[in-house]
Amino acid sequence: MTETAQHFPRRPAAALALAAALVLAGGCDLKVGDRLPGSARPAAQSTPDGTGSPAPRRGVGGIPRGFNEREFQQDVRTAQTITDGFWRRHWPELFTGSYTSPRVLGLYDGRDPASAPRCGRQRLERDNAAYCPAGDFVAWDAHLMRSGYARGDAWVYLVIAHEWGHAVQNRLRRELVSPAAELQADCLAGAVLYGSSDDGELTFEDGDEQEIASAFQVIGDRAPWTKPGDHGSAAQRRRNFSRGGTGGAKACFR
């Protein structure tokens, strides 16, 4: 994905699907275990649908050799700018009051617990991405983000848009926040990325759709959504992401 000054039409929503596995109240565990994408996947194993290529060879810290740190950092910054910009542009047409951005603590080293941000009394965990209501901030573990990015840049855009969705929920009246808060955040992430494309701010490049679909297969929960805090199956998350992509943010509140 890239920033663009041109306008690109919305693509079919069925082609897109991803959301980070998150928990609403503070921390947000990416519960994938040994299925973590990118460098944490065994080198000879393909993506779950059999369409991906083997993971790159590991380098220092589990990050693939040849990893482009400069481009990674730029994409993280761009994803933050794109997401925040979408909500600044569209908040007045969606909600009352004014929009305020969450604080962005960004990347942290989950391998060093002492350096991880605190959300209330607890520190964020390794391989975690989170919106913290207590501090009104978003943050993501560096290893998690680099490992996913090694599979494709779409990863960081989806994780960041989803976390921002939780910040948006925290700014709304409680009756607007779905009991299935994770699926609603997935929906808002779809609205942000497709909406930014419609606004001419973001370009979906060749391969982005496959990257997103493959990532959803990796991080989707095996169980369906049943109670607040549950993340939902990959199919449920895909449907909700696509709902936001086709119907915009308003579709996430029906």
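Considering only the range 111-159, state which residues are surrounded by fewer than 23 Cβ atoms within 10 Å (Cβ to Cβ) and among the hydroxyl-bearing types (Ser, Thr, Tyr). Residue satisfying the conditions is SER115 alone.
Of the residues THR83, THR78, the single one that is touching a strand residue (DSSP E or B) at 6+ places or on another chain (Cβ under 6 Å) and buried (at least 19 other Cβ atoms within 10 Å of the Cβ) is THR78. ASP206 passes every criterion in (1) without any contact (Cβ under 8 Å) to a residue 12 or more places away in the chain; (2) open to solvent by less than 20 Å² (accessible area, probe 1.4 Å) apart from (2). Mind checking which pairs have a first residue in the range 89-100 that is under 17 Å from ASN170 (Cβ atoms) and β-branched (Val, Ile, Thr) and a second that is assigned to a loop (DSSP other than H, G, I, E, B) and open to solvent by less than 100 Å² (accessible area, probe 1.4 Å), Cβ under 8 Å, 6 or more apart or different chains? These pairs meet every condition: THR100/ARG171. None of GLY195, GLY207 is at pLDDT 90 or above and either over 27 Å from ALA134 (Cβ atoms) or touching a Pro at 6+ places or on another chain (Cβ under 7 Å) (or both) except GLY195. Listed conditions (1) over 24 Å from GLN74 (Cβ atoms); (2) more than 15 Å from the chain's Cα centre (by Cα) are all met by VAL168, apart from (2).
The values are calculated or read from the model by the stated rules, or taken from the named source; none is laboratory data. Because the structure is a prediction, the values reported are computed rather than measured. With ideal geometry, Cβ positions are generated from the backbone for all residues, glycine too; neighbour counts draw on all protein chains shown. The accessibility values were calculated without ligands, DNA or RNA, using every heavy atom of the protein model including side chains. Shrake-Rupley method; radii C 1.70, N 1.55, O 1.52, S 1.80 Å.
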